[in-house]
Structure formats: C-alpha cells, structure tokens
1. Considering each residue of region 86-112, count those that are modelled with pLDDT of 95 or more, part of a loop (DSSP other than H, G, I, E, B) and either within 13 Å of residue 5 (Cβ to Cβ) or touching a helix residue (DSSP H, G or I) at 6+ places or on another chain (Cβ under 6 Å) (or both), and give that number.
2. Considering each residue of region 113-130, count those that are touching a helix residue (DSSP H, G or I) at 6+ places or on another chain (Cβ under 7 Å) and either part of a helix (DSSP H, G or I) or surrounded by 20 or more Cβ atoms within 10 Å (Cβ to Cβ) (or both), and give that number.
3. Please give the number of the condition residue 82 fails out of (1) out of contact with any helix residue (DSSP H, G or I) (no Cβ under 7 Å at 6 or more places or on another chain); (2) within 17 Å of residue 108 (Cβ to Cβ).
4. Residues that are at pLDDT below 95, exposed (fewer than 13 other Cβ atoms within 10 Å of the Cβ) and under 14 Å from residue 112 (Cα atoms): does region 57-78 have at least one?
5. Could you list all residues from region 69-85 that are under 11 Å from residue 39 (Cβ atoms) and in a helix (DSSP H, G or I)?
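The values are calculated or read from the model by the stated rules, or taken from the named source; none is laboratory data. Bear in mind the structure is a predicted one, so any value in this text is a computation, not a measurement. Here Cβ is always computed from backbone atoms with ideal geometry, including for glycine, and neighbour counts include all displayed protein chains.
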C-alpha cells in the first residue's frame, strides 16, 4: 500500500511525536509493507506557515527533504495530472492544500493518512474504511 502523509502527520514525525497520534493512525503507519510519501505541497504549506511564524517543526526548512529521506518517506512531486484531477466525491474542504493531497492520492493510487476530521471520512483516506 502507498500512503501519503498530511502535514500534521509529517510534523509529528519531525518532532518525534508519532506516539501521540491516535491509535488508528499509528496502526496504519505501522504496516511495514506500506510505502510512505510526503507531498511537495505539504513542504510548501509548511514553508509558508513557518515564514509567517505559525509553525515550528524542530528543523530548518532546508532540512525538510533530508529529514523525509532519513525517515524513508519519499517526496511526491506535483504534476499536471494532480492539478487537474476530478475528485469523486468532492472533498468536504475548500483548503487547496488538502484538495491537492486528495488529488495526488486519486491519481497515484494512494491513501491519505490524516487526523483532519474533514478528510478522514473521504474514501481516499487511509482510515475511511473504504
């Protein structure tokens, strides 16, 4: 299974706080056969929030890609197919970063690992039961 971690999950990884995630999320992430990915969109969102002073994640912006690689988390680029993907059902969010993560999951045959209640019930969520 291929999993795309959202911003909250990636920050928990960076801050060594995976044990503080809900047990259902920890269970999904503990599957050794799962390949973990983080989107360039997540890195971009984190950079924006960090520059605005709204986020701290225990490393520098420049170190985010290396931190992902050290954790065996592959960085997923954004491509034109992700940008134009039609999602069914429509996501219950207007956040462009969240919508892009779901589009990447749809195109790349992945599941989104998220604690965001607005996204957790979407069929592309790893915890939706679909």
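1. Here the count works out to 1.
2. Of the residues in region 113-130, 7 are touching a helix residue (DSSP H, G or I) at 6+ places or on another chain (Cβ under 7 Å) and either part of a helix (DSSP H, G or I) or surrounded by 20 or more Cβ atoms within 10 Å (Cβ to Cβ) (or both).
3. Exception for residue 82: condition (1).
4. no
5. Answer for region 69-85, where residues must be under 11 Å from residue 39 (Cβ atoms) and in a helix (DSSP H, G or I): just 82.
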